[in-house]
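Working notes, beginning with the structure itself.
A short reminder: the numbers here are calculations on the coordinates, not readings from a lab. None of the values given here were measured: they were computed from a predicted structure. Here Cβ is always computed from backbone atoms with ideal geometry, including for glycine, and neighbour counts include all displayed protein chains.
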Amino acid sequence: MAFLLAEIAKQPHKFDCIKLPMVLELEALRFTPFHLIALLIFILAILHTLSASWLHEWTRGLEKRQAPKRKGKRWERSPLVQVLFFLSEVEVIFALWVVPLAIVMWCFYGLEVVLDFLNTRDYTEPLFVVVILALSATRPIIRLAEKLIHWCAKGLGGSLSAWWFTLLTVGPLLGSFLTEVGAMTLSALLLSRQFYEFHPSSKLAYATIALLFVNVSVGGILTDFASPAVLVLAHYWHWTTPDMIVHFGWKAALGIIISNIIYWYAFRKELKLLDERKRTLAASRFIHSPKSQEAPIPPGSLSSTSPLSSGSSSSPTTPQSSSPASSSSSASTK
């Protein structure tokens, strides 16, 4: 009995006997006016997510326009600007739109149904994703991943093609440990530094980002916890990390490598040109860097060291020149 109560407390979503009839009706997905309103709220949340970048830029412009008027005040940002910056954060958008959804559910079914619906949901996967993302975003994990990719790229020669191939191979496979979102973020960041900085053609640029999406989507199955889909299936089928590697992981890794080789062969000429551009830019930066130029001579050093800077001092090897005026003055003196 105690075991059953413990299971109900840990996983209430699995036991329909403790749910209210209205909650069961909501889970049955029968079309009601509430479902139509919930669909509209979901569409608004998606539009809000897609417009978050534009909202952030517009709010930044508003902040600059208000800056002269707020000099000397206690708060540099107005309450409106702070609220708009908060609304432009992608991480909180869907959490914000849960509030109107709960209000609509309250209006249709009452507060008791809302609380029971929220208390009988399964929050294991979202909490797990939050924890994994928080750990994968820490400095030691990111530095370790960067070092691993850098070491692999240097082992392949360190050229732009080597960085491109390594980022599209090792980066997605790191999704099995950093989660797919972490691997996507890290790979995109390093690609912007090591590849997109040299301005590839639109065809190669879009092909690279599309290949990254595909590789990341299949690169997270080396373990049983990184991919949300694998997490659900591994829980019911009792798969472990060795099972994932033996049955699925090596096939995914082989598919990623084959795809990258095909793309590299198709764009090998442009990648070679980008590699030459990278070397040219590196050479020009070295030439124009301050370390490659001679250090300037301090202003006071010439007057103290140069024999030509003082009229009273002369070089011992240089004969003194006499003007006609000086010669005549010396003759008159005699």
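Here are the numbers for this structure:
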| item | result |
| --- | --- |
| Among the listed pairs Lys251/Lys278; Lys64/Lys203; Lys147/Lys272, those beyond 30 Å (Cα-Cα) | Lys251/Lys278; Lys64/Lys203 |
| Peptides ranked, highest mean first, by Cβ atoms within 10 Å: ranges 223-230, 250-257, 47-54 | 223-230, 250-257, 47-54 |
| Dipole of the stretch 218-283, positive end: most advanced residue of Pro228, Trp239, Ile258 [Cβ charges, Cα centre] | Ile258 |
| Estimated translational D of the stretch 145-206 in µm²/s (Stokes, Kirkwood radius over Cα pairs; 37 °C; 0.692 mPa s) | 281 µm²/s |
| Net charge of neighbours whose Cβ lies under 14 Å from the Cβ of Ala266, counting Lys and Arg as +1 and Asp and Glu as -1 | +3 |
| Hull volume in cubic angstrom per residue (convex hull over the Cα atoms of the stretch 12-122) | 133 Å³ |
| Surface/4 of the Cα convex hull for the stretch 135-286, nm² | 9.4 nm² |
| Tail fraction, Cα-Cα pairs, the stretch 159-242, threshold 22 Å, whole percent | 30 percent |
| Gap separating the Cα centres of the stretch 215-267 and the stretch 34-62, nearest whole Å | 33 Å |
